[in-house]
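Just so it is clear, none of the values below were taken in a lab; they were calculated from the coordinates. Just so it is clear, the structure is predicted and the values come from calculations on it, not from any experiment. Don't worry about glycine lacking a Cβ; one is built from the backbone with ideal geometry, like all the others, and counts go over all protein chains shown.
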Amino acid sequence: MNILEDLEYRGLLFQVTDRKGLEEALSKPIALYCGFDPTADSLHVGNLLPIIILKRFQEAGHIPVALVGGGTGLIGDPSGRSSERALNSEEIVREWSDKIKKQLSRFLDFDTKENPARVENNFEWLGKLSMIEFLRDVGKHFPVNYMLTKESVTQRMEYGISFTEFSYMILQAYDFLNLYEKAGVRLQIGGSDQWGNITAGLELIRRTGHEAPAFGLTVPLITTSDGKKFGKSEGNAIWLDPEKTTPYEFYQYWINTNDQDVIRFLKYFTFLSRETIDELAREVASAPEKRLAQKALAEEMTKLVHGESALKQAVKITEALFSGRIADLTGEEIRQGFKNVPSHTFDTKEELGLVEALVEAGVSPSKRQAREDIANGAIYINGERIQDTAYMLSGKDRIDDQFIVVRRGKKKYTLLKF
């Protein structure tokens, strides 16, 4: 199975220019690229698919180029948006570009001798362009009527589009031309919303007299079967930076995948074999309650993005929370697993009455209710039920001398910090 056939099996071929010509070109190693604009200080799971496509091409013997949009990030891509992006300062974009460059380096092999990956930053050439040079050498190849037919422009005409964003297509096209001429890049990939920008690059390469064929390929934009936006959990983006989304949260995002989506996501995002995925599909059909496909997806993705040790930690936290063995966790694991639960900080490490602590931390509304909760067996300290209303919290209860996890009833957690 060649790379295009594998992408087709996985549902990742959405649009491709000259399929036959591309298959012929791919019979030998070629260079390909995908762009990533620094619109935040981290990439998120919505960026994962094109990164993984680059990785698949590299494993098939081709040369991936990850392009950080240090220049285009100063402009803003209108694709898929109904309003203009807020413009960030050059300093912020440069800082975010450096962070994204480091993140991209985790996924691609830069050390292999056969086909090492590369990271480029388009500010290196866009930042040197003068306005006169840009208009004469690049802009003249783009009739306004041609640009108005592109979806990224037409969908914004109703709301209004500035000349700044209108020019974005030409800048991205110039990226393709520059990489074609200087690095031998023959293929650009991206999400389906980038089709207009990609084909504009192909048109610029043709109009500037180059004969060696170039190609474009897009992957589908991802939505979940229940209509939720992919890459969000409770309204928050799932980031690739472990400081913004912990490995435990990342693992939980994937393990909570809907049965209707899990096989599709295994095909999209993992490097599991066709036979393994087909077997997991049979498990989903026959024993969905085991959630074997979701576990495989969560393990593969957490290991890919954060590494083996972070995966083991995420699994440990998950199992401890499921079993109630909170005391088995370290302070760092507590910090990850209870990042988003209510918390209360005490400014003393002296012994503290449990009743008073429950009231001060807002676990129980009054001392009377706290005593009733304890006596009724509704209060757990680090997973252990406490029914002694005279119980005193002390150093033996603090995990890493920092945390105590209180549970009231089945699900209401509060993190006490010291």
Long-range amide H partners of Asn121 with built H, under 5 Å: Val68
Checking Asp41, Asp226, Asp397 against a Gaussian network model of the chain (alpha-carbon springs below 10 Å), the top fluctuating residue turns out to be Asp226
The chain: calculated mean residue ellipticity at 222 nm from DSSP helix runs of at least 4, using -39500 (n - 2.57): -13000 deg cm²/dmol
Which chymotrypsin sites (Phe, Trp or Tyr not before Pro) from region 68-158 combine a DSSP loop assignment with at most 15 other Cβ atoms within 10 Å? Phe110
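Give the residue list of chymotrypsin sites (Phe, Trp or Tyr not before Pro) in region 155-200 that are DSSP loop and have at most 11 other beta-carbon atoms within 10 angstrom.
Qualifying residues, ordered by number: Tyr159.
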Loop-resident sites, region 182-238, for GluC sites (Glu not before Pro), counting at most 11 other Cβ within 10 Å (DSSP): Glu211, Glu234
Could you work out the Rg to Rh ratio of the chain, with Rh taken as the Kirkwood radius (inverse of the mean 1/r over all Cα pairs)? 1.07
Exposed trypsin sites (Lys or Arg not before Pro) absent: longest stretch of the chain, with sites in DSSP loops and at most 14 other Cβ within 10 Å deemed exposed: 1-105
The answer for the net charge of residues other than Glu120 whose Cβ lies under 10 angstrom from its Cβ, with Lys and Arg +1 and Asp and Glu -1, is +1
Would you mind checking the pairs Lys244/Lys312; Lys55/Lys339; Lys113/Lys182; Lys232/Lys303; Lys367/Lys412 and listing those with alpha carbons more than 25 angstrom apart? Lys55/Lys339
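Considering only the chain, what is the antiparallel percent among its DSSP beta bridges, to the nearest 5?
DSSP beta bridges in the chain are roughly 50 percent antiparallel.
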Over the Cα atoms of region 60-160, how large are the radius of gyration and the largest Cα-Cα distance (Dmax), in Å? 16.9, 51
Top mean-square fluctuation among Gly235, Gly337, Gly139, Gaussian network model of the chain, C-alpha springs under 10 Å? Gly235
Between region 261-331 and region 349-414, what is the C-alpha centre distance in whole Å? 33
Isotropic mean projected area of the C-alpha convex hull, region 232-323 (nm²): 6.1
